[in-house]
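Undergrad: Just passing along the structure, written as structure tokens.
The values are calculated or read from the model by the stated rules, or taken from the named source; none is laboratory data. Keep in mind that what you see is a predicted model, and the values were worked out from it rather than measured. For the accessible areas, the whole protein counts, side chains as well, though only heavy atoms, and no ligand, DNA or RNA atoms are used. Shrake-Rupley method; radii C 1.70, N 1.55, O 1.52, S 1.80 Å.
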Amino acid sequence: MTPLSGVGVGLRTPHILSLISGSPQLDFVELLSDNWINASGVNYQLLEKIRATFPVALHGVSLNIGGTDPLDETYLQSLKNLAEICRASVISDHLCFTRSGAIHLCDLAPLAFNNRMLDWVCHRVDAIQQFLGQTIALENTCRYWLWPNQTLNEAQFLNRLAEKTGAKLIADLSNCWINQHNAKHHGWPDADAQRWIDSINPKHLAYIHLGGFHQQDQWLVDSHSAAIASPVWALYRSALARWGAVPTVIEWDNQLPSAHTLLAEAKIAKALQKTTDIQSCTTRAAKPTVALRESTSLKHTPKNPPMTLSATPDRTDKVKKSQRTSFVMDLQRQQKRFVEHTYRNRNGTIYSRNLWATRLATLQNTFPTLARYSPPELFRAYAATHPLEHSNLNNYGVHLGSWLLQQPALAHFSDLAAIEWAMQQCYYNSDLPEARPLHAFSQLTPLAQTLSRWQTPTAVQCVHCKVAGSYWLKDFQAIISAEPGTRNSTAAETSPSIDKDCFLIVHRSAGPVQLQQVNRAQYELTMMLKHPTTLAHIHSIAVAQGIDPSEFFAQSIAHQWIRWIDDDVPTSHGNVLNERLNTSVDSTARSRLQLTEIDAIHRPISLSKVFHL
């Protein structure tokens, strides 16, 4: 674990390859942990390259630190595993709530700053840190809603939270400026950004966030969609003078610029770190201008970890437990009413607009070809009836294909949706290990005479997509690579012919997703590969169906649909896996085996998914 220093950037997928190939001006990178949890396939390959190039900080949006739902132990375990893989220097999230019951907001909903909420958040921070085995950091957020029962300001709340739990803080100066602007224009109590900087105790800081925003009516919205504004740079200079050269991250998530533009922002921050007239250490360490009362009672040593994350903390007495239970029940009702008012009614609030925009943007990213050729109202109609069911946005859109089949005017788009969803699934599939070199099979001559000697079970990693008589498969490769704006009206208005069956196999063994169009016999033969079988059996079926076995095996090997595992599979999957894990002395290699081989070897039947449309 490398301590952070200098300037880094929030690393997003389009910039990864260019930045890891040569960015000496970057000191570290910040990854959105929710995008990399349980990373496999292409993502795991990239993660290995990133961690070998830069120190890594993890920043997430799903801890739901201020919510009332039980903490998600499965999510926390995945986060802990990711932190170990990345050797993360910092694990962070936001001071907010992101879920209310079954409703996933995929947004950062505000908290009320008072002592009861402080006690609740400290309880949850304690449990999270005990589970992860390290401290976390929390970021101040933008607020587009003011709770009525505020008795603390944000800086007081953050300082006390850090003192009680040992947690660190991420100071988002863009959010400070946005809150100051919005408070002024909507008549809320003063949210002066400079006073916030003066009030935060620098000893609690993990690093600083700087990002862009946009204006929506009279609101400034934290969208990370533009260059850093000049008032935020001014706040950054002031913060450096007050706090010292705190590590800094440049955030840019939407309307992504070139890597060159992103690095230019980082270069400005780096220069300011070096040239700002930083005050003496004594001045920087002075007490915050907003005095903290009861400072002697704020220090807190966590108890032993509770048996479960939802357990009542044992640092309180029975009266305190009863009070907390009453508070949580009241908080549940308040947050539910807040969600009903600001999100679900689509009443034009910033929060409802954000939620609506998130649904549409996710669908457009997952189904880019469908977005190009379908009518604009398609995604809007689906989003209106399908709320977000999970904090992982990669899962949103799973029902789109079946929903389209139920819409007479849009049913002919269902197969295109299925193809793109198969590509989404395949992209995140784990890589299959190669337990025996593929070239060994290619050296067998003649093929038919030697196949009987090979009784090795096969394993295949494909997402098979069967589409009957689809318009889209007539030239799908050309359609998916077409330039935006070349919408084919015939495709959107004409029902597909059903004079023949077309079969598309979507697959990825390592690297990008591949598409292969095959006939019915090839498809059915390939489908047999998802079950443990022998090459001799596949050979006999191919001959019976009139397929050239040599050509079929050559194609299967080229696409890595056939992988030789071990001669004793399927009777000893667990033994094979355990032997490999026990002989691995490198913890990194062991982690990778756990991410790939458990699914690839222990449950071979689950490797393939079939769409019958």
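Undergrad: Using only the Cα atoms of the range 1-124, build the gyration tensor, take square roots of its eigenvalues as a ≥ b ≥ c, and label the shape rounded, prolate or oblate: rounded if a/c is under 1.5, else prolate if a/b is larger than b/c, else oblate.
TA: Prolate, because a/c is 1.5 or more and a/b exceeds b/c.
Undergrad: Per residue, how many Å² of accessible area does the range 131-263 show with a 1.4 Å probe?
TA: 35 Å²
Undergrad: Quick check: from the Cα gyration tensor, does the range 99-139 come out rounded (a/c under 1.5), prolate or oblate? The partial results should precede the final answer.
TA: On the way: a/c = 1.94, a/b = 1.28, b/c = 1.51.
Oblate, because a/c is 1.5 or more while a/b does not exceed b/c.
Undergrad: If you don't mind, there's one more thing I want to ask. Using the Cα gyration tensor of the range 55-98, with a ≥ b ≥ c the square roots of its eigenvalues, what is the shape: rounded (a/c below 1.5), prolate (a/b larger than b/c) or oblate (neither)?
TA: It comes out oblate by the Cα gyration axes.
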